[in-house]
Amino acid sequence: MDFQLIRHLIGLRYRLLWAKTRTRSGKIALFMAGYLLFVLVAVFFAIVGAGGGMVAVRSGQAERIAQGILTALFTSATVTCVLLGFGMNEVFSDTELRRFPLKAVERRFARHFAGIVDPFWFLFLALYLGLALGLYLFGAGSLVLGVIAVLALFVCNYLAAQVVGRAMERIMQQKGGSLLLPLIIMVVCFLPSVAMPMLKKHAGAGKVVLRVLAFTPSFGAGTLMTRTGPAAFAGVWPIAWWGLGLTVALVILEKRPPRIRVAQTTRIRWDTPYARAAKIFGPRYAPLVEHWLLFLFRCKRFRIAYVMSLPLIPFLLFMWTKQAARADPFATAMGVFAIAGLAPAAAFLVNQFGYVGSGFRRYFLFPMDPAAALRASSVTLMALCSVYVGLAAFAWVLFAPGAWGARGIVMLLASGVFGLCFFHGVGLWTTLYGARRADPNKTMGNDLSLVGNVVVVGGMMAMLIGPMTVGQFHKGLIAPDRWLVAVGLAALAACFYLFSLRSAPAILSSRREALLAVLERKA
Amino acid sequence: MDAIRIQNLVKKYGLKTAVDGLSLSVAAGTMFGFLGPNGSGKSTTIGCLTGLLDPTAGQVEILGHRFDADSADLKRRMGVMPETLGLFEPLRAHEFLAFVGRMYGLDEGSVRTRVTELLDALELTDSSKTLADYSTGMRKRVAFAAAVIHSPDVLFLDEPFESIDPAGVALMKEWLNRYVKQGRTVFLTSHVLETVERLCQEVAIIATPGKLVWQGDITTFGREGAIQYDGQEFDALEPLFLHLTGERHVDLKWL
């Protein structure tokens, strides 16, 4: 193993990160602030982890609680990684590494080592370490074994996220994959809420589940952290087997990339559903809308995000609302309806030109106002996202009929319109001021700019937690009898969108050179 | 009439000057070669001539009209094959060309006929592949097809022949020669000087940073004649180009 070269590659990964930052004015300060924040968050997470350790010890069930916390962390890291793409960016591809004198094993090691030293993963490492430290400080485990358990679980966690991400990509490439994947996700999402009442009913079932869970890496790590002496080694085997199994699975998935399905026919089809749908937008915008529809549905990233929203929205609508029953389910549902207008195309609506690459320059070569391209893209994305607001309303009427009456439905729809208009309006501005070149065929990883991430992640968090918190502290403040306020807010958001649709594209020409530099990787 | 006229064109990126007071004119019905070493400002000049970049100073006239980024009517009469090709990779060749044709105002019937004919001629008939699956040469062919689909009066081609196989290049040259004979204009850049010498009637050579160092008729080379410059006689484009842009001899002992 050529560790010296691998070390240089890791160094290069951080130099690239720095180079990317310093080329844009003002970004250095932002970068420093970001990392300062990162350190603070890591410290906070470590303290939270240590707090968890303390609770575990005081409850007298240190091992069981540690296992529970570790399982929750493991699942959150994997889900965040796969859904939001954090920590999944491939810094160097295998093809890029082939130019260096590295063997296949060394290339794989270098790629994944560069992946695991991502700042995102360090946050979870801090949490795991915090828990191990907490357990040690409160006398429930050995520090050495705790650190070993944390490192082993950390590697397992990274491998699990990679395997899940790649498996999802593979499913999407299969015939019928775009239907199968949301189905699988829906089953996984709804399984705990279906299983929990059953487990409560049958006392013996819980023990069976725990016995099965004892074979998971997080339970193994919990055992290793909290026991001492030879008894601790009972926790080694699950981690070791899972580590080995996930490594083998990852190698197999990487060695046999999904076969790309190609159309069997070589006949050119002119009258496509995209062309027919685009005609609704009139002769001026029809070619542009058709182009955007074709482009979006050909992008793997868009297809996956759009299809994944199918189980995500009902899950949030019914499960999240149920979870928040103690707070205010109606207020929580309001937040979910707002998210329905953002989630299906989040990465695209805040970075509308980011995926077109050098095609971006075409909009300035055509004999038209380039602003029309941005307007067409925004309107197309809005039309596609509005389908989900409609679906959410339909599901609500179907599964929660009469819960809050007709006014409730109007209010929820108003919240959906608010989310659509507000986020799509903000998306127009982030497209101009927070663009970043992204790969349309990459299915994993987060390729948004800082501003894009703030809008997408911040927007989703605000909509999920905000109305729920308001509902908890001021019960009745978000209630169907205030439907007029919701309609008013939706109208305001619609005005904001119309203003953005009019003003933002108008400054596209003046931002042309800066955007060209970013999108063609000259900045 | 001049098809292209550039007067004192300056393009600066911050403190860096990419094009420095460039002035030249290209007569209609000419195959014009625009040459220069790497980084001398050729693509930047084409960017200014096609409305992609705003000149810092100077003036551009296309087909007798003052041109800027908002000149939609002039853009309709121009075809551009950019250096970066400007393709939408997830699309298929016919979808991309049809989109380009529609954006240039062609009616549906003309779009379908022209796309089919272009794809047949350029051997791009596999409609199951997206542009991302194409080889570099095939992608260049698609970008060339996109530049000519609306039958423009002026064509800007940035390194059109690099990476294309000899048969493809021969076909493109044939089309371009016929195109120029109809009184239309081609403005092309290339590093393949033999091709430029055989294809172009006139050449401009620029040196870093975007300064014109020579412009003239090169048909003399085809008639086995020579060009006099700086007291020397040049019987081909390559020695003239190297003389003007600075020939370098660096010996690496370890290589």
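Listing for the model above:
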read-out	value
Condition check for B:Leu97: closer than 20 Å to A:Pro287 by Cα and in contact with a Leu (Cβ under 6 Å, 6 or more places away or on another chain)	no
Members of segment B:89-106 that are more than 21 Å from the chain's Cα centre (by Cα) and not in a helix (DSSP H, G or I)	B:Glu89, B:Pro90, B:Leu91, B:Arg92, B:Gly105, B:Leu106
Selection count, segment B:203-219, where residues are under 16 Å from the mean Cα position of the chain (by Cα) and aromatic (Phe, Trp, Tyr)	0
Residue match in segment A:485-494 (condition: outside any helix (DSSP H, G or I) and in contact with a helix residue (DSSP H, G or I) (Cβ under 9 Å, 6 or more places away or on another chain))	no
Unmet criterion (only one of (1) over 21 Å from A:His424 (Cβ atoms); (2) more than 14 Å from chain B (Cβ to nearest Cβ); (3) in a helix (DSSP H, G or I); (4) touching a residue at least 40 places away in the same chain (Cβ under 8 Å)) for A:Ile478	(3)
First in segment A:498-523 and within 11 Å of chain B (Cβ to nearest Cβ), second anywhere and modelled with pLDDT under 90 and loosely packed, with under 14 Cβ neighbours inside 10 Å, Cβ under 9 Å, 6 or more apart	A:Ser509/B:Asp70; A:Glu513/B:Tyr13; A:Leu516/A:Lys522; A:Ala517/B:Tyr13; A:Ala523/A:Thr23
Evaluation of B:Gly51 against (1) out of contact with any strand residue (DSSP E or B) (no Cβ under 6 Å at 6 or more places or on another chain); (2) open to solvent by 10 Å² or more (accessible area, probe 1.4 Å) (one fails), failing number	(2)
Test set (1) open to solvent by less than 40 Å² (accessible area, probe 1.4 Å); (2) not in a loop (DSSP other than H, G, I, E, B); (3) not charged (D, E, K, R) - B:Leu85 fails condition number	(2)
Scan of segment B:62-88 for residues that are within 17 Å of the chain's Cα centre (by Cα) and within 11 Å of B:Arg5 (Cβ to Cβ), ordered by number	B:Ile62, B:Leu63
Output for segment A:469-488, where each listed residue is open to solvent by 40 Å² or more (accessible area, probe 1.4 Å) and either in contact with a strand residue (DSSP E or B) (Cβ under 9 Å, 6 or more places away or on another chain) or not hydroxyl-bearing (Ser, Thr, Tyr) (or both)	A:Val470, A:Gln472, A:Phe473, A:His474, A:Lys475, A:Leu477, A:Asp481, A:Arg482, A:Trp483, A:Leu484, A:Val485, A:Val487
Wholly within segment A:335-445, helices (runs of 4 or more DSSP H) carrying at least 2 residues that are open to solvent by less than 10 Å² (accessible area, probe 1.4 Å), of a type outside the set (S, T, N, Q) and under 17 Å from A:Arg512 (Cβ atoms)	A:362-365, A:371-399, A:405-433
Of all residues making up segment A:214-242, the number that are of a type in the set (A, V, I, L, M, F, W, C), closer than 17 Å to A:Val155 by Cβ and in contact with a helix residue (DSSP H, G or I) (Cβ under 8 Å, 6 or more places away or on another chain)	9
Selection within segment A:265-299 - in a helix (DSSP H, G or I), open to solvent by 100 Å² or more (accessible area, probe 1.4 Å) and modelled with pLDDT under 90	A:Pro283, A:Arg284
Matching residues in segment B:117-148 - criterion: being touching a residue at least 60 places away in the same chain (Cβ under 8 Å) and more than 16 Å from A:Ser358 (Cα to Cα)	B:Val148
For A:Glu106: the one exception among (1) surrounded by fewer than 19 Cβ atoms within 10 Å (Cβ to Cβ); (2) modelled with pLDDT under 80	(2)
Qualifying residue in segment A:384-397 (condition: within 14 Å of another protein chain (Cβ to nearest Cβ) and at pLDDT below 95)	no
Flag for A:Glu513 being open to solvent by 40 Å² or more (accessible area, probe 1.4 Å) and within 26 Å of B:Leu91 (Cα to Cα)	yes
Hits in segment B:57-103 (condition: more than 7 Å from every other protein chain (Cβ to nearest Cβ) and touching a Phe, Trp or Tyr at 6+ places or on another chain (Cβ under 9 Å))	B:Gln59, B:Val60, B:Glu61, B:Leu74, B:Met78, B:Gly79, B:Met81, B:Ala93, B:Phe96, B:Ala98, B:Val100
In segment B:10-25, the residues that are closer than 17 Å to B:Ser43 by Cβ and of a type outside the set (Gly, Ala, Ser)	B:Val10, B:Lys11, B:Lys12, B:Tyr13, B:Lys16, B:Thr17, B:Val19, B:Asp20, B:Leu22, B:Leu24
Given (1) among the small types (Gly, Ala, Ser); (2) buried (at least 17 other Cβ atoms within 10 Å of the Cβ); (3) at pLDDT below 90, number of the condition A:Ala493 does not satisfy	(3)
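The values are calculated or read from the model by the stated rules, or taken from the named source; none is laboratory data. This is a predicted model, so every value here is computed, not measured. Quick reminder, even Gly has a Cβ in these numbers, built from the backbone with ideal geometry, and neighbours come from all protein chains shown. Areas reflect the complete protein model, heavy atoms only, side chains present, ligands, DNA and RNA absent. Shrake-Rupley method; radii C 1.70, N 1.55, O 1.52, S 1.80 Å.
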